[in-house]
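Read the structure below first, then the notes.
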Amino acid sequence: MEKEYIIAFSSFYKAAYAQEVLEGGGLRTTLRKLPIEIAKSCSTGLFYKGSRIEEVKRTLSERDITVRGIYSIEKEGKEKTHYTLVR
């Protein structure tokens, strides 16, 4: 089963740029509003589902793209219930 992650950024524009960079490297992400548990104000981040999170981290680091955090999504049933900071 593939893990799901949320990548938080300081702005919509940084998230959109990161998505473009990751897509160029074959890493598909989705631009979405962050859950309130992660960002208290309106913020946008990337959702990634897959087993290549280390490649995602490396790609962002190599391109000097700063993230506010990368969170794994822990599910209970079909509901997303807990977010764990992994970076």
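Descriptive notes on the structure:
- Residue count for the stretch 74-87, restricted to those that are of a type in the set (A, V, I, L, M) and either assigned to a loop (DSSP other than H, G, I, E, B) or touching a Pro at 6+ places or on another chain (Cβ under 9 Å) (or both): 1
- Members of the stretch 43-73 found to be within 11 Å of the chain's Cα centre (by Cα) and assigned to a loop (DSSP other than H, G, I, E, B), listed by number: Val67, Arg68
Yes/no per residue for (1) open to solvent by 70 Å² or more (accessible area, probe 1.4 Å); (2) closer than 19 Å to Asp64 by Cα; (3) part of a strand (DSSP E or B):
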site	(1), (2), (3)
Ile6	no, yes, yes
Ser10	yes, yes, no
Tyr17	yes, yes, no
Leu22	no, yes, no
Leu27	no, yes, no
Glu37	yes, no, no
Ser41	yes, no, no
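For (1) modelled with pLDDT of 95 or more; (2) acidic (Asp, Glu); (3) on the phi > 0 side of the Ramachandran plot, each residue gets a yes or a no:
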site	(1), (2), (3)
Tyr17	yes, no, no
Glu20	yes, yes, no
Thr30	yes, no, no
Arg58	yes, no, no
Thr66	no, no, no
Glu74	no, yes, no
Lys78	no, no, no
Tyr83	no, no, no
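- Take the conditions (1) at pLDDT 85 or above; (2) more than 11 Å from Ile7 (Cβ to Cβ); (3) among the charged types (D, E, K, R); Lys40 misses just one of them, which is (1).
The values are calculated or read from the model by the stated rules, or taken from the named source; none is laboratory data. Computed from a predicted structure; not experimentally measured. For neighbour counting, all protein chains shown are included, and Cβ atoms are generated from backbone atoms with ideal geometry for every residue, glycine included. All accessible areas refer to the heavy atoms of the entire protein, side chains included, with ligands and DNA or RNA removed. Shrake-Rupley method; radii C 1.70, N 1.55, O 1.52, S 1.80 Å.
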